[in-house]
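The values are calculated or read from the model by the stated rules, or taken from the named source; none is laboratory data. These numbers come from a predicted model, not from an experiment. Note: ideal-geometry Cβ built from the backbone for every residue, glycine included; neighbour counts use all protein chains shown. These area figures cover heavy atoms from the full protein model, side chains too; ligands, DNA and RNA do not enter into them. Shrake-Rupley method; radii C 1.70, N 1.55, O 1.52, S 1.80 Å.
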Amino acid sequence: MSIRLFLLLVGVILCSPALTASEAQGLMHANTDLSDQDSLQRGAGTFVNYCLSCHAAAYMRFNRLGKDLGISDDVLKNNLMFGTQKTGSTMTIAMTREDAKQYFGGAIPPDLSVIARSRGVDWLYTYFMTFYRDPSRPLGVNNLTFKDVGMPHVLWELQGWQQPVYEEEKHADGRITKKILHLERETGGLQTPEEYAGTVRDLVNFMDYLGEPIKLKRQQIGFWVIFYLLFILLPVVYLLKKEYWKDIH
Ligand code: HEC
């Protein structure tokens, strides 16, 4: 392959707008930023206060979290940890799987350590934006992103409640079914919609960190590796090739 063709191919691959999975599924954009340490700290606070009672994050240790997010041991102990846990312990919970099965009718709250890697940040963001009131469900809540979810809307105090706006669909055989068009604000919460969106963004940002604590560093190193390959090694190798072949051509 000629060098021009190769460079052209590299250019095409780098420039083509990749259709991400989230665009294909109509998810909202989380717009998270792992380099925003304040956001990660706020997200850690929300996570510990609202999630760590049912969900564990057993692959993370409190002191690692403190070190990565710039939180001192004192603040860690007083604000993010409960009871007698040591800073070197992992983020586990007291509830057993058997208890959880009973409490939530069979649905078990999964460990959230790597949830951002399996679901993606946009999915998580959209999930927390699309809880709505549904009296037909055991907990009185449902979710547009996770149909018939077994988890309560734990952030309802902050967001308030949403209710669905339906559209009737007539089928060819005369049947009429209802389809949810969008969600509408029913009651307000402690936060304005913008503040709530910020809270969820921080929470999802934190879960992204949790899923791969080294991600930010990895991406920075990756940039320099590609930079080195393309702009330093490639020209040298190209010149070397010219030198080797100059007597033959
Ligand atoms: C009262 C207990 C409880 C609390 C508190 C709670 N959850 Fe859950 N969560 C559950 C249960 C139960 C499920 C399983 C739902 C199912 O499978 O239908 C679940 C499921 C989930 C899922 C979907 C997992 C999947 O299958 O992909 C995510 C994501 C999640 N929770 C995140 C959170 C976050 C983030 C918080 C804190 C803001 C939180 N949860 C707080 C009980 C809880």
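For the reader, a short list of remarks on this structure follows.
- Filtered residues of segment 97-114 (kept if at pLDDT 90 or above and either within 23 Å of ALA44 (Cα to Cα) or buried (at least 16 other Cβ atoms within 10 Å of the Cβ) (or both)): ALA100, ILE108, PRO109, PRO110, ASP111, LEU112, SER113, VAL114
- Within segment 39-54, restricting attention to residues that are in a helix (DSSP H, G or I) and near the ligand (Cβ under 8 Å from one of its atoms), the residue that is most open to solvent (accessible area, probe 1.4 Å) is TYR50.
- So THR46, is it polar (S, T, N, Q), in contact with an Asp or Glu (Cβ under 7 Å, 6 or more places away or on another chain) and over 30 Å from VAL165 (Cα atoms): no
- Whether a residue is in a strand (DSSP E or B), open to solvent by 30 Å² or more (accessible area, probe 1.4 Å), in contact (Cβ under 8 Å) with a residue 24 or more places away in the chain and more than 16 Å from the ligand (Cβ to nearest atom) was assessed, and LEU216 does not pass this test.
- The sole residue among THR126, THR96, THR145 that is touching a Phe, Trp or Tyr at 6+ places or on another chain (Cβ under 9 Å), closer than 27 Å to ALA58 by Cα and of a type in the set (Val, Ile, Thr) is THR145.
- In the set LEU203, LEU181, LEU239, only one residue is farther than 30 Å from GLN159 by Cα and either loosely packed, with under 11 Cβ neighbours inside 10 Å or of a type outside the set (D, E, K, R) (or both); that residue is LEU239.
- Test result for LEU210, within 12 Å of the ligand (Cβ to nearest atom), hydrophobic (A, V, I, L, M, F, W, C) and modelled with pLDDT under 95: no
- Residue within segment 190-213 that is farther than 30 Å from LEU65 by Cβ and of a type in the set (A, V, I, L, M, F, W, C) present: no
- Residues within segment 122-139 that are within 11 Å of the ligand (Cβ to nearest atom), closer than 20 Å to LYS215 by Cβ and open to solvent by 20 Å² or more (accessible area, probe 1.4 Å), tallied: 1
- Residue in segment 158-171 that is assigned to a helix (DSSP H, G or I) and either of a type outside the set (Ser, Thr, Tyr) or free of Cβ contacts under 8 Å to residues at least 60 places away in the same chain (or both) present: yes
- Residue within segment 122-133 that is modelled with pLDDT of 95 or more, in contact with a Cys (Cβ under 8 Å, 6 or more places away or on another chain) and closer than 19 Å to PRO109 by Cα present: no
- Any pair with Cβ under 7 angstrom, 6 or more apart, that starts in segment 31-59 at a residue that is more than 15 Å from LEU158 (Cβ to Cβ) and ends at one that is among the small types (Gly, Ala, Ser) and open to solvent by 40 Å² or more (accessible area, probe 1.4 Å): GLN37/GLY70
For every residue, the table says whether it meets (1) among the polar types (S, T, N, Q); (2) in a helix (DSSP H, G or I); (3) within 11 Å of the ligand (Cβ to nearest atom).
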| site | (1), (2), (3) |
| --- | --- |
| ALA94 | no, no, no |
| GLU98 | no, yes, no |
| GLY106 | no, no, yes |
| PRO110 | no, no, yes |
| SER113 | yes, no, no |
| ALA116 | no, yes, yes |
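- Candidate set from segment 146-163 (those that are closer than 25 Å to LEU190 by Cα, open to solvent by 40 Å² or more (accessible area, probe 1.4 Å) and not hydrophobic (A, V, I, L, M, F, W, C)); member that is nearest to the ligand (Cβ to nearest atom): PRO152
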